[in-house]
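A single structure is presented below for examination.
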Amino acid sequence: MAQLLKAELYKLVHQKSFPGLLVFSLLLGSVMMLDRKLPASAADCFSGALFNTPLLYFLSIILCPLFVGVDFENRTLHAAVAAGHKRLSLFLAKGIVFLAASCCILTAPLFAAALWGHLFFGGSCFPATVRPAAEAGVIFMAVCAMGSLPFFLAFVCRDVGKTLSLGMSAFFLMIFLLNLPDAQLLAPFIPMGQLRFLSLGQLAIPFTQLVFVDAAWVFLCFAGAGIIFCHADLK
């Protein structure tokens, strides 16, 4: 398992797609943060970056077929199974590394905004009305849940083009739902919606329930993908 993790991490770092998407996420996140309004405090910097995080979700969706889907097209996973590696170990290694990469892409602008706000304004990047550890936990779980959906789609489609198409379709569908009049009622059940309304301070349900919803997203997506892969006929 440790060797598989090292191999997947080596592949991720040496692929041009991940470093490119990470840099693009930082640049785009910085531009969008300033596009809303000029921040007046560290909390404004962070909330502005958090508000735009759902719009960066497409970068995680793009990474998935380039990191997971391509291994089906190139028959890399097929060869690994034929070489004697356990499917579950292959699946977990691929999932852990992809989820970590997805979290890096989506949270990089948040760390940059927090650092920028602290250097220029000082103070905490979290509003005084919330507990920093609780909000950070919700953000982390929501970002993990966002990454789990394209990962699931990659094992359903096992194809770069289809994975990207379905992932982008899901992205635009969620954007549409979050622009409906009843979006505030739907947001707690959509991870990217949680982040949007969390940045606005408009989530009325406890953070523990948000974490439970996000954990359910991660569990269902990974369980579904794992069952599909472990029973797939790889030829």
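Pick from P181, P188: which is free of Cβ contacts under 8 Å to residues at least 12 places away in the same chain and farther than 20 Å from L99 by Cβ?
Residue meeting the stated conditions: P181.
May I ask you to verify whether Q202 is touching a helix residue (DSSP H, G or I) at 6+ places or on another chain (Cβ under 7 Å), without any contact (Cβ under 8 Å) to a residue 24 or more places away in the chain and polar (S, T, N, Q)?
Taking the combined requirement at face value, the residue satisfies it.
Starting from the stretch 210-235, keep only residues that are on the phi < 0 side of the Ramachandran plot and basic (K, R), then list their pairs with residues that are surrounded by 15 or more Cβ atoms within 10 Å (Cβ to Cβ) and assigned to a helix (DSSP H, G or I) whose Cβ atoms are within a distance under 9 Å, requiring at least 6 positions of separation or different chains.
none
So, one more: Here are some conditions: (1) part of a helix (DSSP H, G or I); (2) in contact (Cβ under 8 Å) with a residue 24 or more places away in the chain; (3) over 18 Å from the mean Cα position of the chain (by Cα). G69 meets all but one. Which one does it not meet?
(3)
Here is a further query. Residue check: is A101 part of a helix (DSSP H, G or I), among the hydrophobic types (A, V, I, L, M, F, W, C) and over 18 Å from A145 (Cβ atoms)?
So A101 does not fit the description; no.
Looking at this structure, is L56 at pLDDT below 85, in contact with a Ser or Thr (Cβ under 9 Å, 6 or more places away or on another chain), under 29 Å from A93 (Cβ atoms) and part of a helix (DSSP H, G or I)? Before you say what the answer is, go through the steps one by one.
Numbers: at pLDDT below 85: no; in contact with a Ser or Thr (Cβ under 9 Å, 6 or more places away or on another chain): yes; under 29 Å from A93 (Cβ atoms): yes; part of a helix (DSSP H, G or I): yes.
No.
To continue, here is another question. What do you reckon, is L4 crowded, with 17+ Cβ neighbours inside 10 Å, of a type in the set (A, V, I, L, M, F, W, C) and either at pLDDT 85 or above or out of contact with any Lys or Arg (no Cβ under 9 Å at 6 or more places or on another chain) (or both)?
Numbers: crowded, with 17+ Cβ neighbours inside 10 Å: yes; of a type in the set (A, V, I, L, M, F, W, C): yes; either at pLDDT 85 or above or out of contact with any Lys or Arg (no Cβ under 9 Å at 6 or more places or on another chain) (or both): no.
Answer is no for this residue.
Also, I was wondering about something else. Buried (at least 19 other Cβ atoms within 10 Å of the Cβ), among the aliphatic types (A, V, I, L, M) and under 19 Å from the mean Cα position of the chain (by Cα), is that true of L90?
Values: buried (at least 19 other Cβ atoms within 10 Å of the Cβ): yes; among the aliphatic types (A, V, I, L, M): yes; under 19 Å from the mean Cα position of the chain (by Cα): no.
It is false that L90 is buried (at least 19 other Cβ atoms within 10 Å of the Cβ), among the aliphatic types (A, V, I, L, M) and under 19 Å from the mean Cα position of the chain (by Cα).
Might you let me know whether the stretch 133-153 holds any residue that is outside any helix (DSSP H, G or I) and crowded, with 16+ Cβ neighbours inside 10 Å? Steps first, answer last, please.
Filtering the stretch 133-153 for residues outside any helix (DSSP H, G or I) gives none.
Looking through the stretch 133-153, none of the residues is outside any helix (DSSP H, G or I) and crowded, with 16+ Cβ neighbours inside 10 Å.
Another question, if that's okay. Using beta carbons and a limit of 6 Å, which pairs, at least six apart or on different chains, have the first residue in the stretch 1-29 and farther than 27 Å from P54 by Cα and the second one at pLDDT 90 or above?
Close Cβ pairs (under 6 Å, with a partner that is at pLDDT 90 or above) amount to L4/A93; L5/A93.
In the stretch 92-138, which residue that is aromatic (F, W, Y) and more than 28 Å from L220 (Cβ to Cβ) is modelled with the highest pLDDT?
Filtering first and then ranking leaves F111.
The values are calculated or read from the model by the stated rules, or taken from the named source; none is laboratory data. Only a predicted model underlies this, so the values are computations on that prediction, with no experimental measurement involved. As a convention, Cβ positions derive from the backbone with ideal geometry for all residues, glycine included, and neighbour counts pool all protein chains shown.
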